[in-house]
1. On the accessible surface of the chain, probed at 1.4 Å, how many percent belong to carbon and sulfur atoms?
2. At most 16 other C-beta atoms within 10 Å and a DSSP loop state: those are the exposed GluC sites (Glu not before Pro) I care about. Give me the longest piece of the chain that has none.
3. Do any of LYS126/LYS174; LYS121/LYS206; LYS33/LYS126 go past 28 Å between their Cα atoms, and which?
4. Work out, in µm²/s and without decimals, the Stokes-Einstein translational diffusion coefficient of the stretch 1-150 at 20 °C, 1.002 mPa s, Rh from Kirkwood over C-alpha pairs.
5. Any idea which of ILE211, LEU48, THR117 is furthest toward the positive side of the dipole for the chain, if Lys and Arg beta-carbons carry +1 and Asp and Glu beta-carbons -1?
6. Please get the size of the charge dipole for the chain, origin at its Cα centre, with Cβ charges of +1 on Lys and Arg and -1 on Asp and Glu, quoted in debye to the nearest 20.
7. Using the Cα centre of the stretch 171-238 as origin and beta-carbon charges of +1 (Lys, Arg) and -1 (Asp, Glu), tell me which of LEU228, MET200, ASN184 is placed farthest towards the positive end of the dipole.
8. For the stretch 49-92 and the stretch 244-263, what is the separation of their C-alpha centers, rounded to whole Å?
Amino acid sequence: MTSRERILKVLSGEIPGRVVFAPNIWQWFEYQKRHGLPGELEGCGTQLDVLQMLGVDIFSRNLLTDISERLFGGHVREEWPSLEVERTVEGDLTRRIYHTPRGDLSEVLWFDQDGTTLVQKEYLFKDFDREYPAWKAWFEARELVFDPVSFHELESRVGDSGLVIAGEITNPLKQLHILARQDNAIYLLFDHEPEMMELMDIYAEKALVLIRQMLDCGVRVVMCMDNLDSFFYPPEHFERYCAPFFRRASELCHERGAWLFSHACGRQKQIISHVVDCGLDGLEGIAFPPRPQSTTWLIICFWR
């Protein structure tokens with residue numbers, strides 16, 4: 001039985017010939033690559049090279065994620081065909097300015113070379129009273145385009161060694177976390193819920209279109225990059241802002257014989273029953289805090 005066959009058996013609720021072992025060494029590898037790879041790995045240029053050399057199962061959603069450019073993903077392009085977008089790079093700082101018909105928006109990302117981590121130094125959302133029309137214009141203008149060529153090329157390289165996960169989307173509430181910061185997103189929901197719901201609905205529709213693109217290209221596993229936990233996603237927030245999207249996304253995936261997962265980074269006890277009820281097939285959770293000097297092990301929990 002190949003690694004790919006083992007993973008598909010587990011996803012289908014069957015028992016494989018042995019336990020699937022698919023470590024996520026993404027950040028560890030990127031850190032070591034910048035600070036000195038161990039001798040036996042010197043010839044490895046990518047995370048995939050290391051995994052294939054080790055002979056482990058591959059069940060990954062970050063094989064193409066450029067850690068200096070992206071928080072997740074790698075197969076999707078964000079495009080704003082109707083907006084002018086300025087991008088400037090100064091050392092490890094990347095600034096983007098979006099010129100919308102309703103005003104300019106800006107964000108700044110900083111790549112921490114020592115920690116090998118991408119940090120949001122300036123969030124896109126800053127002032128609701130002054131910027132909300134521009135926020136809406138930004139959401140309406142953004143297009144999410146799946147790249148089938150990169151996906152199929154990666155699938156070909158992985159081959160029978162495993163299965164490529166498309167980790168390209170988030171739930172709508174996570175979008176507010178990314179754009180406003182988690183604490184500010186909560187304040188915005190308390191103070192301006194109708195407007196925030198409007199933005200999340202715009203995103204949800206475009207994300208569902210993106211999922212259809214993925215499924216049309218043969219993606220078998222979709223993962224939402226959500227950091228689910230009961231602190232930032234308490235049950236009432238989960239049901240109101242996340243569950244409707246998850247239900248529609250899981251229905252799309254299941255209709256096409258695919259599976260839907262979410263990343264999770266915290267305590268799940270209060271929301272796990274809600275997660276299951278939405279049709280999600282499982283969670284990817286970090287087993288202990290990541291350190292640059294050690295591997296970040298990920299545990300995939302699923303139910304069928």
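The values are calculated or read from the model by the stated rules, or taken from the named source; none is laboratory data. All values reported here derive from a predicted model rather than from experimental measurement. A quick note on method: Cβ atoms are made from the backbone with ideal geometry, for glycine too, and the neighbour counts reach across all protein chains shown. Just so you know, the surface numbers come from the protein's heavy atoms only, side chains and all, with ligands and any DNA or RNA stripped out. Shrake-Rupley method; radii C 1.70, N 1.55, O 1.52, S 1.80 Å.
1. On the way: 7220 of 14190 Å².
In the chain, the share of accessible area belonging to carbon and sulfur is 51 percent.
2. On the way: sites that count: GLU14, GLU42, GLU69.
The longest uninterrupted stretch comes out as 70-304.
3. On the way: LYS126/LYS174 17 Å; LYS121/LYS206 26 Å; LYS33/LYS126 36 Å.
The answer is LYS33/LYS126.
4. Numbers: Rh = 18.6 Å.
Reported coefficient: 116 µm²/s.
5. LEU48
6. Details: 32 positive and 47 negative charges, 162 e Å.
So the dipole magnitude of the chain works out to roughly 780 debye.
7. Of the listed residues, the answer is LEU228.
8. Value for the Cα centre distance between the two parts: 23 Å.
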